[in-house]
Structures are given as structure tokens and as C-alpha cells.
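The values are calculated or read from the model by the stated rules, or taken from the named source; none is laboratory data. On a predicted model such as this, the values are computed, not experimentally measured, just so you know. Note: ideal-geometry Cβ built from the backbone for every residue, glycine included; neighbour counts use all protein chains shown.
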Amino acid sequence: MWSEWRKSSRSNGSGNCVEVAASAEVFRVRDSKNAGGPVLTFSGHAVVAFLAAGRAGLLDRG
């Protein structure tokens with residue numbers, strides 16, 4: 001079962017946001033301005049690796 005679509009609590013209302021919905025093993029991401037548009041789907045492992053890389057500074061712009 002999918003969770004409800006959620007927007008970041010840090011969203012400032014400018015419309016430049018993404019929304020996330022999750023199941024037990026899959027995460028979905030969409031543009032909040034285009035709720036009926038395309039949805040990106042990621043495995044839980046991919047999301048964990050992405051977050052770990054971000055925390056480690058590997059995604060920082062040099």
C-alpha cells in the first residue's frame with residue numbers, strides 16, 4: 001500500500017517542490033506543480049544510497 005503524497009516541511013510555497021510517496025520497498029517522486037505528470041520510481045536501496053552520498057558530501061557542487 002502506498003503512503004499519501006508528502007511535500008517537504010521546508011517547502012516555502014514557491015511551487016518549486018517535489019512530493020514523495022512510499023511503499024514498503026519503493027519510493028515515488030513527482031513534481032508538485034504537475035501532480036498528473038510523470039513519476040520517478042526508486043528502490044529503497046537506491047534512496048538509502050542517495051541519502052548516504054548526500055550526507056557524506058559526495059553530491060556537493062565543487
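Scanning segment 26-49 for any residue that is surrounded by 10 or more Cβ atoms within 10 Å (Cβ to Cβ), in contact with a helix residue (DSSP H, G or I) (Cβ under 6 Å, 6 or more places away or on another chain) and at negative phi turns up at least one such residue.
The set of residues in segment 9-52 being of a type in the set (Ser, Thr, Tyr), in contact with a strand residue (DSSP E or B) (Cβ under 6 Å, 6 or more places away or on another chain) and modelled with pLDDT under 90 consists of Ser32 alone.
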